[in-house]
Amino acid sequence: MQTRIQKIDMRHPDAAVFREAAAVLRGGGLVAFPTETVYGLGADASNENAVSRIYTVKGRPADNPLIAHIASREQFFEMTEDVPAYGRALAETFWPGPLTLVARKKSNIPDWITAGLPTVAVRFPAHPAARALIEASDTVICAPSANLSGRPSPTCAEHVRRDLEGRVEMILDSGPVEIGLESTVVDVTGSKPQILRPGFVTVEMLASVEASAIVSYDGMGVSAPKAPGMKYRHYAPRADMTVVTGDPRRAAREIRRLASLSLQKTGVLATVQTAGLYDADRCLVLICGDRDAPETFGANLFAALRKFDDCQTEVIFAEGIPETGLGAAVMNRLKKAAGGKIIEV
Ligand code: AMP
Ligand code: MG
């Protein structure tokens, strides 16, 4: 299959491009498109065949449900029932934006978008291209991240092309995304909101709307993950990766020591503050961001992991950052990419 790669200039958006992409979706095709979090791989939610192709082209496990993307809050209430007052308040406060709400689904919502679950995950994205595409399609668009299953999520169209060229009809390219980490997933089926996946909307931001917000993704040791996707290896580079957490100078010293012992092609995921402490002759040192600005990590993390792959890196040592604010989402992705291999110094 020939994949059409269509550049879009969001300063002068061309409505004809969104109409064409919408026609591809309505015809059962797959369109990768930008959102503010990562690039998504979209299919018409009402078309079972199209949705099942998402699973095939990504190699996604059949029990991992998709996020339904909408272009108005009303669509959320049309798809769901028994949404508590706090769920409405979260939708009011954070939509459009990088928040996915998991709510009880109405009986007319097909099983093929929820992997058979009685709940449906819904997001109203803020990115103007995503909104224009959903509006032009006049349907709900199911979309997971537009990467091969298990690989780091795509933060630019080139990442999508490398994973999916020849397997999807179209890729809309509006340049690099802003946030670079997937949406925060919050379950609103219980008496309190439960954070199933951390993201740009932090626990602190959620608590400002609903003080009882509880964290239940793994890595925080609260309970087994309720988001099916969280049980799979995710975001992983090909290299064997270890995260070193603790005092930054001590962590850097430990990484230096481990890197000096390594006989394989070694990479270091560093911070602005510590990059100079590593031996750039011995290993590939990539600066992921500024430890005092976790959003810089979010924006660069997946691209850095892909860069290590491109350079055939075999072993990666990554510095941890504090798990406060957006740091919680960054560390969740880092730990998953490392398959849970963490050294605390
Ligand atoms: P991705 O689109 O690749 O970012 O994955 C979507 C995430 O949302 C995965 O972690 C899914 O398991 C999660 N998700 C989707 N639908 C539900 C649902 N009904 N209940 C819980 N988690 C869900
Ligand atoms: Mg994904």
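The values are calculated or read from the model by the stated rules, or taken from the named source; none is laboratory data. All values reported here derive from a predicted model rather than from experimental measurement. Here Cβ is always computed from backbone atoms with ideal geometry, including for glycine, and neighbour counts include all displayed protein chains.
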Inset, instruction - Could you check, for segment 38-61, whether at least one of its residues is within 16 Å of ligand 1 (Cβ to nearest atom), polar (S, T, N, Q), more than 29 Å from Thr296 (Cα to Cα) and over 17 Å from the mean Cα position of the chain (by Cα)? - result: yes
Inset, instruction - Return the residue satisfying two criteria in turn: it lies in segment 179-211 and is of a type in the set (Asp, Glu) and at pLDDT 95 or above, and of such residues it is nearest to ligand 1 (Cβ to nearest atom). - result: Glu182
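Among Ser208, Ser145, Ser216, Ser174, which is more than 16 Å from ligand 2 (Cβ to nearest atom) and over 22 Å from Arg88 (Cα atoms)?
Ser174
Could you list, in sequence order, all residues of segment 95-125 that are of a type in the set (A, V, I, L, M, F, W, C), under 22 Å from Ser191 (Cβ atoms) and crowded, with 23+ Cβ neighbours inside 10 Å? Walk me through it before giving the result.
To start, the set of residues in segment 95-125 that are of a type in the set (A, V, I, L, M, F, W, C) comprises 95, 99, 101-103, 109, 112-113, 115, 117, 120-122, 124.
Next, from what is left, pick out any that are under 22 Å from Ser191 (Cβ atoms): 95, 99, 101-103, 117, 120-122.
Hits for segment 95-125 are Leu99, Leu101, Val102, Ala103, Val120, Ala121, Val122.
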Legend entry - Selection from segment 260-284 of residues that are part of a helix (DSSP H, G or I) and farther than 21 Å from Met331 by Cα: Ser260, Leu261, Gly276, Leu277
Inset, instruction - Mind listing just one residue for me: the one in segment 217-267 that is within 16 Å of ligand 1 (Cβ to nearest atom) and on the phi > 0 side of the Ramachandran plot and, of those, modelled with the highest pLDDT? - result: Tyr235
Inset, instruction - Would you point out which residue out of Thr80, Thr93, Thr139 is of a type in the set (Val, Ile, Thr), more than 15 Å from ligand 2 (Cβ to nearest atom), under 26 Å from Val203 (Cβ atoms) and touching a strand residue (DSSP E or B) at 6+ places or on another chain (Cβ under 6 Å)? - result: Thr80
Inset, instruction - Read through the list (1) farther than 23 Å from Thr37 by Cβ; (2) free of Cβ contacts under 8 Å to residues at least 60 places away in the same chain, then give the number of the only condition that Pro84 fails. - result: (2)
Inset, instruction - Output the number of the condition that Ala236 fails; it satisfies all remaining conditions of (1) aliphatic (A, V, I, L, M); (2) part of a loop (DSSP other than H, G, I, E, B); (3) surrounded by 23 or more Cβ atoms within 10 Å (Cβ to Cβ); (4) within 19 Å of the chain's Cα centre (by Cα). - result: (3)
